[in-house]
Amino acid sequence: MRHFLGGALALLMALPAAAAELGDDGLHKQPWMRDTFKDLREDLAEAQAEGKRLVLFFEQRGCIYCAQMHEEVFSDPGISDYIGENFFVVQLNLHGDIEVTDFDGDARPEKDMARKWRVLFTPSIVFLPEEVPEDQSALDASVAVMPGAFGKGTTKDMFTWVAEKRYLLDNGEDFQRYHARKIQERGNGRTD
């Protein structure tokens, strides 16, 4: 019996990691992604009520870089838990037709809102401040935009930099300097 269990365990460990869950829309899903009416004013209010930061996460069906982020980065419990504890994430489809209402009251399908916000890549992650004036668009109000797929270290550092509101500090440590310092602290010399 022990030999059987050991063999079964070895077989399970040799299998590739499970693919990230795909929704009916063909986009990858995480437990911390919220299904909302995509009225950003309401989403921001709900995020504030939960003590979290609003994040817009653009993806598209068949995006290999999105799959990479979900399978290699968001599969890390430390990163996934951090996002779930600190962020209110609204997923948007780069080519989608669901109506999105921006902070300035402009309502458009996701694909047209992506054009308005100049989102060109997937994944693209837009980080919003805690408060947004009614006359500003999400892009104009954003505190950071993460265009493209990055490794675990860069992704965790960006989410941490935003959560800690380091973009407000006047110490000269922009994200690049913060990320370089975190790489040195980790001691791995890698930028992932």
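Rule-based calculations on the coordinates, nothing more; no lab input. Computed from a predicted structure; not experimentally measured. As a convention, Cβ positions derive from the backbone with ideal geometry for all residues, glycine included, and neighbour counts pool all protein chains shown.
Observations, loosely collected:
- For the chain, projected area of the alpha-carbon convex hull averaged over all directions, nm²: 13.5 nm²
- Looking at the chain, the DSSP beta bridges with both ends there are about 55 percent antiparallel.
- Kirkwood hydrodynamic radius of segment 113-192, from inverse mean 1/r over distinct Cα pairs, in Å: 13.8 Å
- Cα coordinate range in segment 100-154, projected on the principal axes (Å, largest first): 35, 25, 13
- Neighbourhood net charge (10 Å Cβ-Cβ; Lys/Arg +1, Asp/Glu -1) for GLU99: -2
- Listed from fewest to most Cβ neighbours within 10 Å, the set TYR178, TYR65 follows the order TYR65, TYR178.
- When LEU56, LEU169 are sorted by how many other C-beta atoms sit within 10 angstrom of their C-beta, beginning with the fewest, the order is LEU169, LEU56.
- Ranking GLN68, PHE159, LEU22 by how far each Cα lies toward the positive end of the dipole of segment 17-186 (charges on Cβ) leaves GLN68 at the top.
- Residue exposure sequence - LYS165, LYS38, LYS152 - by fewest surrounding Cβ within 10 Å: LYS165, LYS152, LYS38
- Its relative contact order, with pairs defined as Cα atoms under 8 Å and 6+ residues apart, puts the chain at 20 percent.
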